[in-house]
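**Q** Got a structure for you, written out below as structure tokens; questions coming shortly.
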There are 2 protein chains.
Amino acid sequence: MAHAAERLVEVWRGDFCESVHHGHVAVWHADSGLIWGLGDVDGVILPRSSSKMIQALPLIESGAADAHGLTQEQLAISCASHQGAAVHTDLVTRWLADLNLSEADLRCGVQWPSDEAARDGMICAHCGPDQRHNNCSGKHSGFLTLTKHLKAGPEYVDPDHPVQQAVRAAWEDVTDETTPGYGIDGCSAPNFASSLKGFARAMAMYAAAVEGADARQTAMVRLRNAMMAHPHLVAGEGRSCTKLMRVMGNRAAIKTGAEAVFAAIIPERRIGIALKIADGTTRASEAAITQILGALGVIDPADPVALSYTTGPIRNWRKLETGRYRVTPALGDWRP
Amino acid sequence: MAHAAERLVEVWRGDFCESVHHGHVAVWHADSGLIWGLGDVDGVILPRSSSKMIQALPLIESGAADAHGLTQEQLAISCASHQGAAVHTDLVTRWLADLNLSEADLRCGVQWPSDEAARDGMICAHCGPDQRHNNCSGKHSGFLTLTKHLKAGPEYVDPDHPVQQAVRAAWEDVTDETTPGYGIDGCSAPNFASSLKGFARAMAMYAAAVEGADARQTAMVRLRNAMMAHPHLVAGEGRSCTKLMRVMGNRAAIKTGAEAVFAAIIPERRIGIALKIADGTTRASEAAITQILGALGVIDPADPVALSYTTGPIRNWRKLETGRYRVTPALGDWRP
């Protein structure tokens, strides 16, 4: 990358800075473009799960969502990295049934749920998870809905499949870039690459979208509103997306992605945020996005949930405080 | 730190370098001192669990280990970050009983075991772990043995307790430094800081130690031999310390630590290694230590276990290969 990653978050233990995280930040205003950047905003990233609201655009724009009468809950979980709790898998089970499809039609793979109750219940019943428990099963249910609507073949994660071609077209539109390619994601779907600033631009489009203006803006509003209305469907209890969106009310839609990507949509400010921690560590992407959301006034920096991500404390097995997070001045001193 | 961390390990997904890890490496020869350094070898680190063989020195040197007839297995688990499998907790249970003590005398805190069989058994029995399952319970059993031998008080993790004072003295001896302080570790014991090269020097002393030469060298030989003889007690099935030590036979003792520290003792070369990934990510410390062990000829770089750490592959929920690790030339081109 042209510009080195910037030092963003430190992890302290007692008097020692034990670990450090560098990364890249892009804050984009729908009217004025890039209003703040740290590190390399032109660098190419794989946005991973933080881009699920882009992957869901064709589901709505094609007419598939309305043709199948999808609810706001279904739109929310189509943008989710859920943790396989009953509230998530029940929704996916009903969705698949509505499509006259089954778990076997998913192509996301089998993942143990991170939800403890769901996991423990299966362990004690001596059974295991299936593809519905995969954190991406909502997104894949959306892909299957579009597949059916398009009367396309079953291998919907193939990069040449009409569903993924539609995703690519939407992706290139909203990032205003020709994607340089894709990586295969944890759920086996292609994940298209873009510059960090292109991804932030896309998030700003969601922020500024107006319902009824056109099909794209209407789809963007429906997806961002679905995420904000159902924080527990987008991730799950105890997870940062859920906890932070709950604290913010309906003021921002945010989404984490693997390898420490984080995206945010802030309608009231017409701003989109994209950030990537260079080493892929989620504790740092959570600290960084929370810090920026605080600077933008959509979360109170002194809120206990916000503080838990920006400063900790870090506790050990006896609940003793052993350390703290610190955002660096480069990140912490920014004001819009 | 005076020198910036060096780029050591990359994580690739398809054609994209998705994440990068920087760090510091010190390779110390018992006779000639520092023979290779990357990044800041003078920088201060908290060696965390990678230093347990130093924390166990007073247990032997005081005569406590022999007075209590400790076995090689007990010495191995005193240096362990075990995963709470039955093989680990049974050993700790017997050890505590031999001391006429109980689980309540430990001060490491309660941790769920990462061993699946142990964890699942407790979940289905509707019971939970206790302090014996803490990954440090072997080290703490050693601390309790020394406490009893010294007729000291029960709060053995207090930095002013005779046990921790003895650890500090040994620490400063083997690193040849006055420690600048300590952090409180996950297990509540103080973890003394040292320079990376001081820690590597200590590991080289273990490598060059000769049984019978003096009390310290004898203790060092007993601890390194215990680790090499019982790789499954030092960590557990599926873990890097266990897997790599098994492949290497009795040619190296290695130990990981939280926040991506790794230490290695190579007797046949009279060499000690200490490395720290700046961002604290274990996948990178595992890749780096494996690469260096390969360069030093104590593991075959083409061994499947070695390759799994240095190159991957990274697979997704459907077992598809999605990416690879790559060590950088700075790390990969070094030859002793």
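The values are calculated or read from the model by the stated rules, or taken from the named source; none is laboratory data. Not measured: the values here are computed from a predicted model. All Cβ positions, even for glycine, are placed from backbone atoms using ideal geometry, and neighbour counts span all protein chains on display. All accessible areas refer to the heavy atoms of the entire protein, side chains included, with ligands and DNA or RNA removed. Shrake-Rupley method; radii C 1.70, N 1.55, O 1.52, S 1.80 Å.
**Q** Among (1) in a helix (DSSP H, G or I); (2) farther than 30 Å from B:D15 by Cβ; (3) touching a residue at least 12 places away in the same chain (Cβ under 8 Å); (4) not aliphatic (A, V, I, L, M), where does B:T290 come up short?
**A** (2)
**Q** Then there's this: Which strands (runs of 3 or more DSSP E) does the range B:171-265 wholly contain that include 2 or more residues that are touching a helix residue (DSSP H, G or I) at 6+ places or on another chain (Cβ under 6 Å) and within 14 Å of another protein chain (Cβ to nearest Cβ)? Step through it out loud before you land on a result.
**A** Working: elements: B:182-184, B:190-192, B:253-257.
Fully inside the range B:171-265 and qualifying: B:190-192.
**Q** For the range A:109-168, enumerate the residues that are open to solvent by less than 30 Å² (accessible area, probe 1.4 Å), aromatic (F, W, Y) and not in a helix (DSSP H, G or I).
**A** Passing the criteria: only A:Y156.
**Q** Being under 19 Å from the mean Cα position of the chain (by Cα) and touching a residue at least 60 places away in the same chain (Cβ under 8 Å) is the requirement here; does A:A166 meet it?
**A** no
**Q** Here's a check for you: in the range A:302-325, which residue that is of a type in the set (D, E, K, R) and within 14 Å of chain B (Cβ to nearest Cβ) is surrounded by the fewest Cβ atoms within 10 Å (Cβ to Cβ)?
**A** Going residue by residue through the range A:302-325, those that are of a type in the set (D, E, K, R) are A:303, A:315, A:318-319, A:321, A:324.
Pick out the ones that are also within 14 Å of chain B (Cβ to nearest Cβ) and you get A:315, A:318-319, A:321, A:324.
Details: A:R315: 13, A:R318: 18, A:K319: 10, A:E321: 12, A:R324: 15.
Taking the candidates together, the pick is A:K319.
**Q** Here is a follow-up. For A:I299, work out the one condition from (1) more than 14 Å from chain B (Cβ to nearest Cβ); (2) over 14 Å from the mean Cα position of the chain (by Cα); (3) surrounded by fewer than 24 Cβ atoms within 10 Å (Cβ to Cβ) it doesn't fulfil.
**A** (3)
**Q** Which of the residues spanning the range B:78-88 are surrounded by fewer than 24 Cβ atoms within 10 Å (Cβ to Cβ) and part of a helix (DSSP H, G or I)?
**A** Across the range B:78-88, the qualifying residues are B:A86, B:V87.
**Q** Under 22 Å from B:R326 (Cβ atoms), among the hydrophobic types (A, V, I, L, M, F, W, C) and touching a strand residue (DSSP E or B) at 6+ places or on another chain (Cβ under 7 Å), is that true of B:L34? Before the answer, list the steps.
**A** Numbers: under 22 Å from B:R326 (Cβ atoms): no; among the hydrophobic types (A, V, I, L, M, F, W, C): yes; touching a strand residue (DSSP E or B) at 6+ places or on another chain (Cβ under 7 Å): yes.
So B:L34 does not fit the description; no.
**Q** Which one of A:V27, A:V11, A:V20, A:V41 is in contact with a strand residue (DSSP E or B) (Cβ under 6 Å, 6 or more places away or on another chain) and free of Cβ contacts under 8 Å to residues at least 24 places away in the same chain?
**A** Working: A:V27 fails: free of Cβ contacts under 8 Å to residues at least 24 places away in the same chain; A:V11 fails: free of Cβ contacts under 8 Å to residues at least 24 places away in the same chain; A:V41 fails: free of Cβ contacts under 8 Å to residues at least 24 places away in the same chain.
Going through A:V27, A:V11, A:V20, A:V41 in turn, just one is in contact with a strand residue (DSSP E or B) (Cβ under 6 Å, 6 or more places away or on another chain) and free of Cβ contacts under 8 Å to residues at least 24 places away in the same chain: A:V20.
**Q** Okay, next question. With respect to B:G181, is the statement that it is surrounded by fewer than 22 Cβ atoms within 10 Å (Cβ to Cβ), without any contact (Cβ under 8 Å) to a residue 24 or more places away in the chain, among the small types (G, A, S) and more than 24 Å from A:V11 (Cβ to Cβ) true?
**A** Details: surrounded by fewer than 22 Cβ atoms within 10 Å (Cβ to Cβ): yes; without any contact (Cβ under 8 Å) to a residue 24 or more places away in the chain: yes; among the small types (G, A, S): yes; more than 24 Å from A:V11 (Cβ to Cβ): no.
In short, no.
**Q** Across the range B:89-104, what is the total count of residues that are away from chain A (no Cβ under 14 Å) and assigned to a helix (DSSP H, G or I)?
**A** Here is the first cut: in the range B:89-104, the ones away from chain A (no Cβ under 14 Å) are B:89-102.
Okay, now just the ones that are also assigned to a helix (DSSP H, G or I), so B:89-98.
Residues meeting the conditions: 10.
**Q** Collect the residues in the range B:188-227 that are farther than 27 Å from A:D15 by Cβ and touching a Lys or Arg at 6+ places or on another chain (Cβ under 6 Å), keeping them in residue-number order.
**A** Once the filter is applied, which keeps residues that are farther than 27 Å from A:D15 by Cβ and touching a Lys or Arg at 6+ places or on another chain (Cβ under 6 Å), the range B:188-227 yields B:Y206, B:A207, B:A208.
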